[in-house]
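To keep things clear, I will list the structure first and then write my remarks on it.
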Amino acid sequence: MRKAVVMRTRVAIVGAGPAGLLLSHLLSRQGIDSVVLEARSRAHVEQRVRAGVLEHPTVELLREAGLATRLDAQGLPHDGISLRFDGEDHRIDFAGLVGKGITVYGQQEVVKDLIGTRLAAGEPIEFEVSDVVLDGLTTDTPSVGYTAADGTRHVLECEAVAGCDGFHGVSRQAVPDLRIAEREYPFGWLGVLAKAAPTHDELVYASHDNGFALYSMRSPEITRLYLQVRPDADPQDWSDARIWDELGTRLAADGFTLNEGPFLERPSVTGMRSMVAEPMRHGRLFLAGDAAHIVPPTGAKGMNLAIADVRLLADSLGDLLLRTEATGVDTYSERALRRVWRAEHFSWWMTSMLHRFDDDHPDGDAFGRALQLSQLRYTVSSRAAATSLAENYVGLPHGAL
Ligand code: FAS
Ligand code: PHB
């Protein structure tokens, strides 16, 4: 049995999604070395279509960190969204209500920018690793064992481990006595990416008796659309014609047209859940992003929350490793969870208000639907209610809670 190759760094980061990649960049700006370990290939990670909306604080952070050149050139700034119900459109004017907006820019573009920046700086990302094992987490010399893409076994000795490996990763399992709070929703989203020029310049969230639909976009040539479906829906049961027909029905409103076009990838169904794992720290292991929490995508919070986590974690690790000041890491979990729970509530609220529950679901009866319509009407007619939606959607300032 060949001896493992031993390497050293200051922070071992498991996962090359937005959380892991941004954390490595923010640490590097403080002169702190890290190694990013990623299970998939670079090509897979860079083409994975997921989130599409960047909160205001996310854009500000990416600009401050020197990561916004392409974002500023290709991102689509939006000053509002529309809520659509009873065939009527109601715009929520973010700029007018809270003086800020959002930017539509695909998560895979953020990931490409981060990978490009890290590799240009000659900083290591190990793709296609396997058999990741975390060790020594309650000491100040933890290590991460892994098998590299070439099959050789490695041990990465470090001073801290960042678990940025998403919902299906290994890090969360390494935290003993984890408290999990979660909720499964009785529906999922069928997502499509169409080569069809957007006909509307802002996002539309539609609540229809047939179900929820979301109209989004990626560029002046590409539309991103979602349909509420059963959580176990098979995309094979949804022909292109059926998808366009249902989108047309649910998004219908005076003056609204929907350009159709070829799908750029096979439609896929994403399940919906809310989940929070506490604490987000165990010794020298720190969880960030989807490794610690999941939100339904209705509030466009998933990636933004991951970015807020690692901003906090990068500062806390800087205090610990550069100034032997442990207050940051000792309060990281409690401080991160304040924003997490704010985003969890907002995402649950948007999901509960906009989706159709089946008749046999407690929220699916006539009373439940009447409550939803009342909430929608109040939200679009009250400045106070619309302002609350706006400030949550554009993103509360980092550190505000
Ligand atoms: P990620 O899951 O992005 O990254 C974790 C990385 O760790 C992955 O690259 C994975 O390959 C790697 N990994 C896992 N296990 C590992 C191991 N053992 N060793 C090494 N690496 C390992 N959010 C929105 O705001 N809007 C959306 O529309 C939206 N749509 C989504 C659709 C889907 C199908 C999914 C799954 C998520 C969606 N999200 C959406 C949420 C998503 O954007 C996440 O919030 C975001 O990717 C979180 O980033 P990370 O925490 O970095 O986790
Ligand atoms: C997207 O454009 O992918 C998107 C936008 C808003 C959401 C979810 C997804 O709430």
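The values are calculated or read from the model by the stated rules, or taken from the named source; none is laboratory data. Remember, predicted model here, so these are calculated numbers, not experimental data. Backbone-built Cβ (ideal geometry, glycine too); neighbour counts: all protein chains shown. Calculation scope for accessible area: heavy atoms of the full protein, side chains included, ligands and nucleic acids excluded. Shrake-Rupley method; radii C 1.70, N 1.55, O 1.52, S 1.80 Å.
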**Item:** Rounded to whole Å, sorted largest first: equivalent-ellipsoid semi-axes of region 276-342, Cα gyration tensor
**Value:** 23, 11, 9
**Complete:** Per the Kirkwood formula over distinct C-alpha pairs, the hydrodynamic radius of region 104-225 in angstrom is 18.9 Å
**Message:** Can you work out the Karplus-derived ³J(HN,Hα) for every residue in region 371-386? Use 6.51 cos²θ - 1.76 cosθ + 1.60 with θ = phi - 60°, whole Hz, and x for glycine or proline.
**Reply:** 4, 4, 5, 5, 5, 4, 5, 5, 4, 8, 10, 9, 4, 5, 5, 5
**Item:** Under-5 Å amide H pairs with Asn259, H placed in peptide plane, nonlocal only
**Value:** Thr199
**Item:** Helix-only CD estimate at 222 nm, as mean residue ellipticity for the chain, using -39500 (n - 2.57) per DSSP H run (n ≥ 4)
**Value:** -11000 deg cm²/dmol
**Prompt:** P(r) of region 248-401 in 10 Å steps, Cα pairs, percent per bin?
**Reply:** 9, 28, 30, 21, 9, 3, 0
**Message:** Between 0 and 90 degrees, rounded to the nearest ten: what's the tilt of helix 327-354 against the longest Cα principal axis of the chain?
**Reply:** 20 degrees
**Message:** Could you tell me the calculated FRET efficiency between Gln375 and Asp330, based on Cβ-Cβ distance and R0 = 41 angstrom, to the nearest 0.05?
**Reply:** 0.55
**Request:** Any chance you could look up the accessible area of His44 with a 1.4 Å probe, heavy atoms only, rounded to 10 Å²?
**Result:** 50 Å²
**Helix axis angle, 302-323 relative to the chain longest principal axis, alpha carbon, degrees** = 20 degrees
**Prompt:** At what distance in angstrom do the alpha carbon centres of region 293-318 and region 321-384 lie from each other?
**Reply:** 15 Å
**Complete:** For His208 the rounded accessible area (nearest 10 Å², probe 1.4 Å, non-protein molecules ignored) is 50 Å²
**Request:** Would you give the gap between the C-alpha center of region 32-55 and the C-alpha center of region 1-25, rounded to a whole Å?
**Result:** 13 Å
**Asked** Binned at 20 Å from 0, what are the whole-percent values of the Cα-Cα distance distribution for the chain, short to long?
**Response** 27, 56, 17, 0
**Prompt:** For Arg281, which sequence-distant residues (separation of 5 or more, or a different chain) have an amide H within less than 5 Å of its own amide H, given hydrogens modelled in the peptide plane?
**Reply:** Leu287
**Request:** Would you tally the net charge around Phe94, using a Cβ to Cβ cut-off of less than 12 Å, leaving Phe94 out, and scoring K and R as +1, D and E as -1?
**Result:** -3
**Request:** With a 1.4 Å probe and all protein chains in place, put Arg48, Arg369 in order of accessible area, largest first.
**Result:** Arg48, Arg369
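Which net charge results for the neighbourhood of Gly364, defined as the other residues with beta-carbon distances under 12 angstrom from its beta-carbon, given Lys and Arg at +1 and Asp and Glu at -1? Kindly include the intermediate steps, with their values, before the conclusion.
On the way: positive: Arg356, Arg369; negative: Asp209, Asp358, Asp359, Asp360, Asp363, Asp365.
Counting the neighbours of Gly364, the net charge comes to -4.
Using a Förster distance of 22 Å, how high is the FRET efficiency between Leu322 and Glu46, based on the Cβ-Cβ distance and rounded to 0.05?
That gives a FRET efficiency of 0.10.
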**Those lysines that a straight Cα-Cα span of less than 21 Å connects to Lys301, excepting residues fewer than 8 apart in one chain** = Lys100, Lys112
